[in-house]
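Only one structure is covered here, and it is reproduced in the block below.
The values are calculated or read from the model by the stated rules, or taken from the named source; none is laboratory data. Keep in mind that what you see is a predicted model, and the values were worked out from it rather than measured. Please note that ligands, DNA and RNA were not included when accessible areas were found on the heavy atoms of the full protein model with its side chains. Shrake-Rupley method; radii C 1.70, N 1.55, O 1.52, S 1.80 Å.
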Amino acid sequence: MSDLLPNLDALLQQLNDDTAARRDACELARAVQTAGTLDEVDEQLNVVVTRWREQ
């Protein structure tokens, strides 16, 4: 993910346990993997959080 989140791959490797908190963190991290701008990061996080709220 380049300059915006340079440690994202390392973070995803750390989030490999199967607990609810780690699954949520992993989902958020994966959501922003392809974002190229901070606005895209915000948009992707908003999509995930909105989906969680609707569940």
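Under the condition of being hydroxyl-bearing (Ser, Thr, Tyr) and at pLDDT 95 or above, the residues counted in the range 12-55 number 1.
Residues that are outside any helix (DSSP H, G or I), of a type outside the set (Ser, Thr, Tyr) and open to solvent by 70 Å² or more (accessible area, probe 1.4 Å) within the range 7-48 comprise Asn7, Asn16, Asp17, Asp18, Gln33, listed in sequence order.
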